[in-house]
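Notes to accompany the following structure.
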Amino acid sequence: MKILYIISGLPTGGAEKMLYKLLSVIDRDIFEPIVISLTDYGSLGNNIKNLNISVYKMEMNAGFPNPFKVWRFIKLIRKINPELIQGWMYHGNLAALLAKWVLPNRVFLLWNIRHTPDDLKKEKSLTALVIRLGAKLSSHPDGIIYNSKVSEQKHELLRFDNKNRSIIPNGFNSEQFKPFDNAKSKLRHSLGLKKDTLLIGLVARYHIMKDHVTFLHSAGKLNKTYPEIHFVLVGQGVDKNNHLLIKLIEDLGIMKNIHLLGKRMDVEEINAGLDIACSSSSWGESFSNAIGEAMACGIPCIVTDVGDSAWIVGETGIVVKPGDRKALTDAMITLIKMSFEERLELGKLARNRIIKHFSINIVVKQYEDLYQNLLNIKH
């Protein structure tokens, strides 16, 4: 079955990484995946090509589409002639619908939605427009896949079609994300810290919805009682070149306790080196990769009740209201007061939860079953 995936672009975001994980595990004896990126390859494009999967880039820019590039896109679709087209993210979904329309033969269409719009006023104007357009056209695909329960609910409130919908969560490779020997001592050594320093981490790109402000205010409050605790922040834009972030840290007086590591390719080892992981997002999350990856590494998590974060951690972590600095600080204190052994046991429960419910093989099997059911309808 030739499946064409159409995605906005291929940077190392959570939605894009999930596509890569799906493609790395999907049964190639049954399915032949092909990828079109509406913009460029991004950093994941070569990784997908290394799986021996064809990747095409359209080099389309934001705004009004270039007619020449649209025609090139249409010609490519007709040349590939897939049996199933799957859009990936909002812009990819609309492009996938166009691809279905320009093919002369019957082709199945799936949309994949990877975002939870809490309030369209918080979205970029173009993104909000694309979401509204998607709602009007949402009866056309043969199915809509959401990666979280909350995302499904939010989109149906926006009048997305509620027939043939399914929820397939993000999946995690528990062999890549796992407890590593000496990870804790290695991370502390790299930061110039004592071996017994307690580390609290936040892995998130710099974006207003990730709410680094609340996390840092909680860190500042915690620092007054526990000045020996340090905080590790990882993600694109989370570095010393971010002047807004630096100013906030300086104003809070916690610069010596904060470590800004920026974008890293060894997130699994950093996660495994933490004692506690946090997600302070205030909106926009569907199914957080950062939480699942930390849990797979055996790290207990504190999360805000955004998207499906509460469902992901279950009984293995602490859930607080978004934007509640006191609640976040209190949750940190609760885990700090636990013994090392108690946190270790909680982390084991977290890892087991990921393996049982959200392993990449379980998740990819759900995609394969959906594809196979459509293939059976056709034949």
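How much length is gained on full extension from residue 263 to residue 186, taking 0.36 nm per residue of separation minus their Cα-Cα distance? Please report the intermediate quantities before stating the final value.
On the way: separation 77, 0.36 × 77 = 27.72 nm, distance 1.83 nm.
In short, 25.9 nm is gained.
On a 26 Å Cα-Cα criterion, which of the cross-link pairs 221/337; 221/348; 124/263 come out too long? Intermediate results must be reported in sequence, preceding the final value.
Working: 221/337 16 Å; 221/348 29 Å; 124/263 24 Å.
Distance filter (> 26 Å) returns 221/348.
Using Cα atoms only, what is the angle between the long axis of helix 67-80 and the major principal axis of the chain, expressed in degrees (0 to 90) to the nearest 10?
80 degrees
Using alpha carbons only, how many degrees (0 to 90, rounded to 10) separate the axis of helix 90-102 from the longest principal axis of the chain?
Orientation of helix 90-102: about 10 degrees from the principal axis.
List the trypsin sites (Lys or Arg not before Pro) in segment 82-171 that DSSP assigns to loop (not H, G, I, E or B) and whose Cβ has at most 15 other Cβ atoms within 10 Å. Which are they? Walk me through the numbers on the way to the answer.
Numbers: sites: 100, 106, 114, 121, 122, 124, 132, 136, 149, 154, 159, 163, 165; in loops: 106, 114, 124, 159, 163.
Sparse-neighbourhood loop trypsin sites (Lys or Arg not before Pro): 106, 124, 159, 163.
Send over the per residue convex hull volume for segment 324-363, Cα only, as a whole number of Å³.
Working: hull volume 3.1 nm³, N = 40.
Cα convex hull per residue, to the nearest whole number: 77 Å³.
When Lys and Arg each count +1 and Asp and Glu each count -1, what net charge do the other residues less than 15 Å away from residue 21, Cβ to Cβ, add up to? Working shown, then result.
Details: positive: 17, 28, 114, 365; negative: 16, 27, 175, 268, 293, 368.
With Lys, Arg at +1 and Asp, Glu at -1, the net is -2.
Between 33, 179, 227, find the one with the highest GNM mean-square fluctuation for the chain; connect C-alpha pairs within less than 10 Å.
So, out of 33, 179, 227, the one fluctuating most is 227.
Could you work out how far the C-alpha centroid of segment 274-323 sits from that of segment 333-362, in angstrom?
Using only Cα atoms, the two centres lie 11 Å from each other.
Please list, in order along segment 338-345, the HN-Hα scalar couplings obtained from phi with the Karplus expression 6.51 cos²θ - 1.76 cosθ + 1.60 (θ = phi - 60°), rounded to whole Hz, x for Gly and Pro.
Computed from phi, the couplings for segment 338-345 are 5, 6, 4, 5, 5, 5, 4, 5 Hz.
Can you tell me the length gained on complete extension of the stretch residue 139 to residue 12, counting 0.36 nm per residue apart and subtracting the Cα distance? Provide the component values of the computation, followed by the final result.
Working: separation 127, 0.36 × 127 = 45.72 nm, distance 3.03 nm.
Extending this stretch completely gives an extra 42.7 nm.
Residue by residue through segment 138-144, what is 3J(HN,Hα) from phi via Karplus (6.51 cos²θ - 1.76 cosθ + 1.60, θ = phi - 60°)? Round to whole Hz and write x for glycine and proline.
Those phi angles translate into 6, 7, 7, x, 6, x, 10 Hz.
To the nearest 0.05, how large is the calculated FRET efficiency for residue 175 and residue 373 if R₀ is 25 Å and r is the Cβ-Cβ distance?
Step by step, r from the Cβ atoms, then E = 0.30.
Tell me, how many Å apart are the Cα centres for segment 1-65 and for segment 154-183?
With segment 1-65 and segment 154-183 each reduced to a Cα centre, they are spaced 18 Å.
Would you kindly give the portion of the calculated P(r) for segment 183-357 that falls above 29 Å, as a percent of all Cα pairs? Could you put the intermediate results ahead of the total?
Numbers: 1418 of 15225 pairs.
Result for the distance tail: 9 percent.
Could you name the aspartates and glutamates whose alpha carbon sits less than 17 Å from that of residue 365, not counting residues in the same chain fewer than 8 places away?
Residue 365 reaches 27, 29, 32.
How much net charge surrounds residue 355 when only other residues with a Cβ under 11 Å from its Cβ are counted (Lys, Arg +1; Asp, Glu -1)? Spell out each step's value before the answer.
Details: positive: 178, 348, 351, 353, 356; negative: 175.
Here the count lands on +4.
For the chain, just the Cα atoms, rotate onto the principal axes and tell me the three extents in Å, largest first.
So the extents along the principal axes, rounded to whole Å, are 68, 40, 36.
Report, in debye and to the nearest 20, how large the dipole of the chain comes out about its Cα centre when Lys and Arg carry +1 and Asp and Glu carry -1 on their Cβ.
That gives the chain a dipole magnitude of about 880 debye.
Once both axes come from the Cα atoms, what is the angle between helix 212-225 and the longest principal axis of the chain, in degrees from 0 to 90, rounded to 10?
The angle comes out at about 20 degrees.
Read phi for every residue in segment 45-52 and hand back ³J(HN,Hα) as whole Hz from Karplus 6.51 cos²θ - 1.76 cosθ + 1.60, θ = phi - 60°, with x for Gly and Pro.
Rounded to whole hertz, the list is x, 5, 4, 5, 4, 5, 7, 6.
Compare the Cα positions of 23, 278, 225 along the charge dipole of the chain (+1 at Cβ of Lys, Arg; -1 at Cβ of Asp, Glu; about the Cα centre) and return the one farthest towards the positive end.
23
Suppose each label sits 7 Å from its Cα in the direction of the beta carbon; what would the residue 226-residue 78 distance come out to in nanometres?
Computed distance between label sites residue 226 and residue 78 equals 6.3 nm.
Which residue fluctuates the most in the chain, going by a Gaussian network model with Cα springs under 10 Å, if the choices are 347, 13, 171?
Ranking 347, 13, 171 by mean-square fluctuation puts 13 first.
Test of understanding: what is the full-extension gain from residue 57 to residue 239, defined as 0.36 nm times their sequence separation minus their Cα-Cα distance? Please report the intermediate quantities before stating the final value.
Details: separation 182, 0.36 × 182 = 65.52 nm, distance 3.00 nm.
So the chain would gain 62.5 nm between residue 57 and residue 239.
Determine, from the Cβ-Cβ distance of residue 330 and residue 197 and an R0 of 25 Å, the FRET efficiency 1/(1 + (r/R0)^6), rounded to the nearest 0.05.
Details: r = 22 Å, r/R0 = 0.86.
Given R0 = 25 Å and the Cβ-Cβ separation, E is 0.70.
Quote the FRET efficiency, to the nearest 0.05, computed for residue 163 versus residue 357 with a Förster distance R0 of 22 Å and r equal to the Cβ-Cβ distance. Please report the intermediate quantities before stating the final value.
On the way: r = 26 Å, r/R0 = 1.19.
The value I calculate is 0.25.
No lab work stands behind these numbers, since they all come straight from the coordinates. Remember, it's a predicted structure, so these values are computed and weren't measured experimentally. Using ideal geometry, Cβ is built from the backbone for each residue, glycine included, and neighbour counts are taken over all protein chains shown.
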